[in-house]
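The structure under discussion appears below in the form of structure tokens.
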Amino acid sequence: MTRISKEGITLRNWRDSDADTLPSIANCKEISDNLRDGFPYPYTVKDARNWLSATRKYRRPPTRYFAIEYNGKLAGSIGFVLKDNIYWKNAEIGYFIGREYWGRGIATIALGMIVGYVFDNFDVERVYAEPYAYNMASRKVLEKSGFICEAILKKYVIKNNVLLDSCIYSQLRPEKKR
């Protein structure tokens, strides 16, 4: 069982009992609009149960998902995918925070925690995220967490039937002090 805590924020493994609470933070059009198409809206208890069941298949690498708790309450989700083939030194991260928890710095702290976890536990040199270019809130969170915008990819993704620009933000493994 993985549990990482800092400043009132805890990253922990998902539990079956989270299925009843998850829709209260995930059933938000603004969240769905900023994630990939596999994230439904509206978000129901059935969706939560299906997703939690799917995460059991990924309890070990190459993919890990964690619940984000803020002062003991479920506030969001964060996870990473270890890439393969020629990208095997990379991990892609993704996250969301429930609307009622926006603006509290939770995502920034959680990102720092997950990046540290990835670098401490896996043979990865680069962690990256791909927010939509218009999602300035997520881009600011990434920048506050030490990520650098490497590129803006024009007309790269289609979300809600609209062709959008997407960004690549990354953070490299810190150089070891000699």
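The values are calculated or read from the model by the stated rules, or taken from the named source; none is laboratory data. These figures come from a predicted structure and were not determined experimentally. A quick note on method: Cβ atoms are made from the backbone with ideal geometry, for glycine too, and the neighbour counts reach across all protein chains shown.
Residue count for segment 1-55, restricted to those that are small (Gly, Ala, Ser) and closer than 24 Å to residue 135 by Cα: 4.
For segment 74-118, a residue qualifies if it is free of Cβ contacts under 8 Å to residues at least 40 places away in the same chain, aromatic (Phe, Trp, Tyr) and either more than 21 Å from residue 143 (Cβ to Cβ) or buried (at least 18 other Cβ atoms within 10 Å of the Cβ) (or both), and the qualifying residues are 87, 88, 95. Taken over segment 112-123, the criterion of being more than 11 Å from the chain's Cα centre (by Cα) and not in a loop (DSSP other than H, G, I, E, B) is satisfied by 112, 113, 116, 117, 118, 119, 120, 121. Checked against (1) farther than 20 Å from residue 138 by Cβ; (2) of a type outside the set (S, T, N, Q); (3) at pLDDT below 95, residue 37 passes all but condition (1). The conditions are (1) farther than 26 Å from residue 145 by Cα; (2) modelled with pLDDT under 95, and residue 84 fails exactly one of them. Which is it? For residue 84, the exception is condition (1). Restricting segment 124-178 to residues that are of a type in the set (A, V, I, L, M, F, W, C) and in a helix (DSSP H, G or I) leaves a set whose member that is surrounded by the fewest Cβ atoms within 10 Å (Cβ to Cβ) is 136. Taking residue 154, is it farther than 20 Å from residue 3 by Cα, charged (D, E, K, R), at pLDDT 95 or above and in contact with a helix residue (DSSP H, G or I) (Cβ under 8 Å, 6 or more places away or on another chain)? Taking the combined requirement at face value, the residue does not satisfy it.
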